Amino acid sequence: MSDIEAQFSLLRQSADPAVADAIVRLVKDGKDPELNRVNALDFSKRASLDEEKTISGFLQAAKLGLFDLGWNVLCPGCSGVLDVHDTLKALRPDDYHCGLCACGYECSVDEQVEVAFTVARRVRRIAAHDPHSLPLWDYYKQVFWSSGIDLNEDSLSSLVDEVTLDSLELPPGEKAVLSLQLPAQFIIVFEPVTHSAQFIDVQGEPTRERQQLSLIYNKAHPPTGSTTMRPGPLRLSLDNQSGVRTLPTVFIAADPLHDLLGHRRPFLTAKRMLSNQTFRDVFKADNLHVDQRLKITSLTFLFTDLKGSTALYERVGDLAAFDLVRAHFSALLEIIAAEKGAVVKTIGDAVMATFVRPEHALAAGLKMRAAMDRLNAERGAKDLVVKIGIHEGPCLAVMLNERQDYFGQTVNIAARVQSLSTSQEIHITAPVNDAPEVASILAQAAIKPIQKHAALRGIADKMVVYEIP
């Protein structure tokens, strides 16, 4: 058995069998573009697989060395890849600039960092392993744009035929001249390798005189330039001093271009990855640096605590109480993983977990409560009472005590809200209650939230909270 076949065998042992088989087929039979920056969500949809099991399967494949895990910083406007990292630690907190959109962005892991999987070189060599050998439009599709852009053959043909005035591959150290006829529209001369852009606002009366424009490409990533010209002939001189092949492309920045770039599909975000239990378990070495701070604009936190655990130990004895607490933890952790969440840490008898969406946290909370009822019924007692609090809001992903953790007022409020519970009721905050999907879950369960105004320790003003009886 070859080393790769042995890894396939290990993947089948560690991942869902259907997912593992689909990944093995992809590696063996997939076309080159299908093995570059695999969008795990799109892959699961096309293969009719469970999303969470698919993500876990690709993570296991990456751990085995079958795939490389990539963290790509995206422009929220055009979904262009502004920076590429092979580890979470390499993400920078400073601003990223997109030449095509002429905008700067503060990096957030919510929708601006794509997590994708590329087959490892030693497993199978694909064209994208040498991106500078890709044809121009393959470079755009496979390297510049993220897996969140839905470019099929028809839309790519439209991009080439309707939106592009001209394009060329310019080897390092070479010069070239393009002769163009400028229409009375806004034009962008964009170069995706150096992320350089020149805007041309074409307006006024048409002219027959040949206009001149010279552009130099280098490694300095020059700022976006802008100029005004008249409709008519243009002599565009290009000088590639970057040391690598460049791909100058002249786009018409009109509705067809915006429409093409608006064709999006869901992709795996860094925020979702940070709240994935398999990632936290398997990729512990890919944690943040101690001084690294990653901004998350919205994350849902669930805190639990076992009520009266000290009295429980006194009442039933250490051994029986330990077994009960362990059973309680086992049930909670299984539910968190099943509802697309991840355990950040346990503190005594308490659990801190994160979820990408508030409805997943509420569903987990309701299942936790039901699970405790079942455990109590099996014993003919009511010893296990879990207090639950849920809150959603912005936070920072940080390293605390050698563990990837979260910091901010959102975390503090979620912990305080949990303390409001006195029995098995769940307390949620207004941002959670106001989520449409949460309202749907509560309506289906015939649960009517009870509004309260609560004073939370360490929080200056009273907050509106909702009791889920």
Rounded percent of accessible protein surface that carbon and sulfur make up, the chain, 1.4 Å probe: 50 percent
Sites T207 and D161 - FRET efficiency at Förster radius 22 Å, r taken between beta-carbons, to 0.05: 0.25
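Any idea what diffusion coefficient region 221-266 gets from Stokes-Einstein, in µm²/s, Kirkwood Rh on alpha carbon pairs, 37 °C, 0.692 mPa s?
Values: Rh = 14.4 Å.
Rounded to a whole number, D works out at 229 µm²/s.
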Candidate values (i) 51, 26, 18; (ii) 36, 31, 19; (iii) 36, 33, 26, label of the one derived for semi-axes √(5λ) of the Cα gyration tensor in Å: (i)
Subset of K345/K387; K141/K175; K141/K219; K295/K452 violating a 19 Å alpha-carbon distance limit: K141/K175; K141/K219; K295/K452
Whole-number percent relative contact order across region 14-141, with pairs defined as alpha carbons under 8 Å at least 6 apart: 27 percent
Degrees between helix 3-14 axis and first principal axis of the chain (Cα, 0 to 90, nearest 10): 40 degrees
Karplus (6.51, -1.76, 1.60) ³J(HN,Hα), θ = phi - 60°, over region 111-118, in Hz, Gly and Pro reported as x: 10, 9, 10, 8, 10, 9, 10, 10
All lysines inside 18 Å of K53 as judged from Cα atoms, apart from same-chain residues fewer than 8 positions distant: K45, K63, K271, K340
Using θ = phi - 60° and Karplus 6.51 cos²θ - 1.76 cosθ + 1.60, couplings along region 224-235 (whole Hz; Gly, Pro as x): 5, x, 8, 8, 10, 9, 9, x, x, x, 9, 9
Segment S214-I347, extension gain: residue separation times 0.36 nm, minus the distance between their alpha carbons: 41.6 nm
Residues of type lysines that K382 reaches as a straight line, Cα spacing below 23 Å, ignoring anything fewer than 8 places off in the same chain: K307, K367
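Stretched out fully, how many nm does the piece from D373 to A455 gain, at 0.36 nm a residue minus the Cα gap?
In short, 26.6 nm is gained.
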Loop trypsin sites (Lys or Arg not before Pro), region 21-106, which have at most 10 other Cβ atoms in a 10 Å radius of their Cβ (DSSP): K31
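The values are calculated or read from the model by the stated rules, or taken from the named source; none is laboratory data. A quick note: this is a predicted structure, and the numbers were derived from the prediction, not measured. Every residue, glycine among them, receives a Cβ derived from its backbone with ideal geometry; neighbour counts consider all protein chains shown. These area figures cover heavy atoms from the full protein model, side chains too; ligands, DNA and RNA do not enter into them. Shrake-Rupley method; radii C 1.70, N 1.55, O 1.52, S 1.80 Å.
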